[in-house]
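Have a look at the structure below, then the notes.
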Amino acid sequence: MKTLLLAVVSLLFWVPTSSQNREDAKNARNERIQDAYEAAKDLVETRQFTFRSNWMNTQGGKRIQLDAGSGYLTLNEDQANAYFPYFGTVRVATMYEGGGIEFDTQIEDFEIKYNDERKIINITFMVAAKKERYEVLIQLYKGLKGSVTVFSNKRDQISYDGYFKAIEH
């Protein structure tokens, strides 16, 4: 009987602290998410950042892991510089082009949209490369992680997952 009473009393003390710890953990997690979102907003506002891809997602559903540094996008105010490997359908092939998605040019129609409720940032812009025109959709989520999706007038769309960081001067 004494053991049962001790167990009940212990349980009464444990239950409130257990739920309190869960609440504290949830609040700490929400605070980390908010801090990461604010850091991402600050980075985007500078319009000077780099994206490094780790994964490529084709329209056909294949997910391919990329070597470090094999795909990147650098945005420096109104200039975009990018190279991404491409695996997918090309509708209009051009001779003597590298085969990947590559551009280093001025951006057009730059737009940023913030979703404060879901903590997501969407950036869209257009670029005209040598013989192709690209629409680029950048999505930042989970702070500085995100994706870049490239739409082309001559290829199927493709997206890349990776991380963002400030340009090192």
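The values are calculated or read from the model by the stated rules, or taken from the named source; none is laboratory data. Note that the coordinates shown come from a computational prediction; the quantities given were computed from them, not determined experimentally. Note: ideal-geometry Cβ built from the backbone for every residue, glycine included; neighbour counts use all protein chains shown.
Remarks
- Failed item, numbered, when residue 109 is tested on (1) in contact with a strand residue (DSSP E or B) (Cβ under 8 Å, 6 or more places away or on another chain); (2) outside any strand (DSSP E or B); (3) among the acidic types (Asp, Glu): (2)
- Exactly one residue out of 118, 52 is part of a loop (DSSP other than H, G, I, E, B), modelled with pLDDT of 90 or more and within 27 Å of residue 166 (Cβ to Cβ), and it is 118.
- Residues satisfying the stated conditions in region 63-82, i.e. among the hydrophobic types (A, V, I, L, M, F, W, C) and over 15 Å from residue 147 (Cα atoms): 68, 80
- Of everything listed in (1) surrounded by fewer than 19 Cβ atoms within 10 Å (Cβ to Cβ); (2) at pLDDT 90 or above, the single unmet condition for residue 127 is (1).
- In region 103-115, of all residues being in contact with a Phe, Trp or Tyr (Cβ under 8 Å, 6 or more places away or on another chain) and either loosely packed, with under 13 Cβ neighbours inside 10 Å or without any contact (Cβ under 8 Å) to a residue 24 or more places away in the chain (or both), the one that is nearest to residue 49 (Cα to Cα) corresponds to 111.
- Among the residues making up region 78-114, those that are modelled with pLDDT of 85 or more and β-branched (Val, Ile, Thr) are 101, 105, 107, 112.
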